[in-house]
Amino acid sequence: MPTDLDISADTAVQALALLIRGSVNARLLPELGGNAIELIYGAPLPLSLLAQGNQPTLLIYRAQDRDRDKGDWLFEENSVFRFDYMLPATPHDRIVQRWPVLRRVWAAMIAVCREGRDPLIEDNAKVLEAAGLARYGLGTGRADYSFVPGANQTYPMFRGEMTFDGCYPAPEAFIDLANRHTLDAYVTQHTEWDLPPDGLNIVDEAVNDLTLPQP
């Protein structure tokens with residue numbers, strides 16, 4: 001039995017978190033008046049727990065890898081990453097005004113992931129290429145918009161997927177992602193995981209481990 005299962009890091013997820021948080025927040029700050037993404041976690045947390053944080057939050061995690069033998073010792077790899085994004089609690093009478101934010105955030109994410117870099121982030125370094133995600137780049141992307149219901153409020157959200165084609169091991173140069181903390185630590189105390197009848201309560205404690213430079 002392994003003695004420590006918490007030592008591994010997915011550099012692709014780290015790179016996506018670094019690029020998406022920095023770029024989306026910088027691009028949408030003038031329009032939204034604040035960060036579109038406050039927290040990013042690198043695992044598929046339960047949506048009920050996610051909503052309790054009551055902040056704009058994004059989950060990024062690897063959903064699928066597929067390898068295909070193309071012959072002549074050539075292999076193609078496709079990696080699917082999933083993105084769960086949730087806005088804070090929204091009163092029912094404000095859902096119409098807030099709903100378009102979901103599309104704005106997803107559009108900004110798709111745009112920067114297609115480029116693989118942003119002039120405002122890491123001196124325009126090829127962040128996704130550093131993690132082996134950009135040999136052929138973003139293949140497809142899709143998002144489904146929905147919400148998590150509460151008693152007197154709603155939590156608008158989307159679940160998106162991006163497929164990167166031709167993912168290969170990263171070159172040794174570029175950015176050292178191994179020692180970068182691009183994801184947030186998640187520490188909470190709660191008494192109930194399911195949605196209670198009278199809605200959700202904010203968690204007692206949430207700890208950030210954010211070291212990204214602020215734009």
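The values are calculated or read from the model by the stated rules, or taken from the named source; none is laboratory data. Computed from a prediction, not measured in an experiment: that's the story for all the values here. Note that each Cβ is placed from the backbone with ideal geometry, even for glycine, and that neighbours are counted across all protein chains shown.
The figures follow:
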read-out	value
Counted residues, region 22-61 - those being surrounded by fewer than 16 Cβ atoms within 10 Å (Cβ to Cβ) and within 11 Å of the chain's Cα centre (by Cα)	2
Residue selected from region 77-124 under the condition β-branched (Val, Ile, Thr) and at pLDDT 90 or above, by the criterion farthest from Pro56 (Cα to Cα)	Val80
Exclusive hit being over 18 Å from Met157 (Cβ atoms) and of a type in the set (Ser, Thr, Tyr), set Ser79, Ser48	Ser79
Any hit, region 60-76, residues being outside any strand (DSSP E or B) and at pLDDT 85 or above	no
